[in-house]
């Protein structure tokens with residue numbers, strides 16, 4: 001990637017972040033192409049062209065779909081009137097909101113509130129990612145927090161997910177999934193975003209960042225050998241309560257995870273651009289070097305046991321690995 005394109009990806013990321021911030025705080029007056037273009041110092045025409053070139057969609061379409069994503073979650077999770085929600089997210093009337101909602105999701109807001117079915121939400125795009133572009137981290141390490149290690153008992157729950165027997169790592173996983181109809185990153189993350197009741201959802205609205213979505217690895221004889229030397233199948237999904245009875249999207253799997261014991265390797269908040277790879281290496285080193293002596297436990301790699309990996313730079317980076325006595 002040349003320097004000019006690199007800079008444009010960073011500029012579009014600024015717009016994308018600003019859009020979410022304005023929607024979150026109902027600042028509709030700031031959600032205009034004119035305002036955002038001036039913020040960057042470019043013309044509306046130039047900003048529009050670059051936005052489509054980098055994101056693959058028109059600015060106005062992305063803005064409309066992000067507003068509807070936030071609005072849908074309000075309809076799903078709160079009892080506020082639909083008219084108030086419509087006005088908060090920039091719709092001129094209840095009718096305009098209903099038309100846009102049904103045209104996008106196939107149901108009206110009132111129907112969805114009665115029965116929240118999985119729909120594909122427009123997750124936030126992230127056009128600027130140093131690791132995706134192969135740049136790696138900047139290298140100025142700021143955090144000094146070591147990896148915390150502790151044992152936990154996790155209650156029985158369900159895991160809604162997709163899986164891949166052949167992939168090796170996050171980017172490879174999604175590259176392979178994109179070859180399967182309906183299992184690309186945008187579709188799967190959008191569906192998972194709409195699921196109500198996710199156990200790890202802190203109310204965020206970014207795929208794989210605070211919205212309950214996580215990578216997992218299931219001990220599986222059919223899977224690749226992982227870095228730790230045992231067969232595993234890579235998965236992506238969400239944890240749900242054991243009594244969850246909602247609809248399961250056709251391209252996903254739901255499995256029951258019994259109550260069990262795990263060991264957690266956790267690093268606290270960190271700067272993604274500056275520290276991601278270093279923090280990951282710290283955790284991998286801690287897992288490889290961990291001495292179970294005196295604990296009465298060892299890693300459990302028997303078939304069907306599951307490892308969870310949480311990657312949320314604003315909160316933590318952690319692996320939760322199964323153990324047995």
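The values are calculated or read from the model by the stated rules, or taken from the named source; none is laboratory data. Every value quoted in this text rests on a predicted model; they were computed, and no experiment measured them. Neighbour counts are summed over all protein chains in view; Cβ atoms, including those assigned to glycine, are modelled from backbone coordinates with ideal geometry.
Being farther than 20 Å from residue 123 by Cα and either surrounded by 20 or more Cβ atoms within 10 Å (Cβ to Cβ) or out of contact with any strand residue (DSSP E or B) (no Cβ under 8 Å at 6 or more places or on another chain) (or both) is true for just one of 72, 82, 31, 65. Which residue is that?
Within the list 72, 82, 31, 65, the selection yields 82.
Within the stretch 307-316, does at least one residue satisfy the condition of being surrounded by fewer than 18 Cβ atoms within 10 Å (Cβ to Cβ) and free of Cβ contacts under 8 Å to residues at least 12 places away in the same chain?
No, there is no match, as no residue in the stretch 307-316 is surrounded by fewer than 18 Cβ atoms within 10 Å (Cβ to Cβ) and free of Cβ contacts under 8 Å to residues at least 12 places away in the same chain.
Let me confirm something: among 12, 85, which residue is within 25 Å of the chain's Cα centre (by Cα), part of a helix (DSSP H, G or I) and in contact (Cβ under 8 Å) with a residue 40 or more places away in the chain?
12
Being more than 12 Å from residue 70 (Cβ to Cβ) and in a helix (DSSP H, G or I) is the filter here; which residues of the stretch 15-33 pass it?
15, 16, 17, 18, 29, 30, 33
Output the residues belonging to the stretch 224-240 that are part of a strand (DSSP E or B) and either surrounded by fewer than 20 Cβ atoms within 10 Å (Cβ to Cβ) or in contact with a helix residue (DSSP H, G or I) (Cβ under 8 Å, 6 or more places away or on another chain) (or both).
First, pick out the residues of the stretch 224-240 that are part of a strand (DSSP E or B): 224-225, 231-240.
Answer for the stretch 224-240, where residues must be part of a strand (DSSP E or B) and either surrounded by fewer than 20 Cβ atoms within 10 Å (Cβ to Cβ) or in contact with a helix residue (DSSP H, G or I) (Cβ under 8 Å, 6 or more places away or on another chain) (or both): 224, 225, 231, 234, 236, 237, 238.
Test residue 77 against the stated conditions and say whether it is under 30 Å from residue 198 (Cα atoms), touching a strand residue (DSSP E or B) at 6+ places or on another chain (Cβ under 9 Å) and surrounded by fewer than 16 Cβ atoms within 10 Å (Cβ to Cβ).
yes
How many residues does the stretch 38-56 hold that are part of a loop (DSSP other than H, G, I, E, B) and loosely packed, with under 14 Cβ neighbours inside 10 Å?
Residues that pass the stated criteria total 3.
Can you tell which of 111, 145, 186, 166 is part of a helix (DSSP H, G or I), surrounded by 12 or more Cβ atoms within 10 Å (Cβ to Cβ), at negative phi and at pLDDT below 95?
Checking each option against the conditions leaves just 186.
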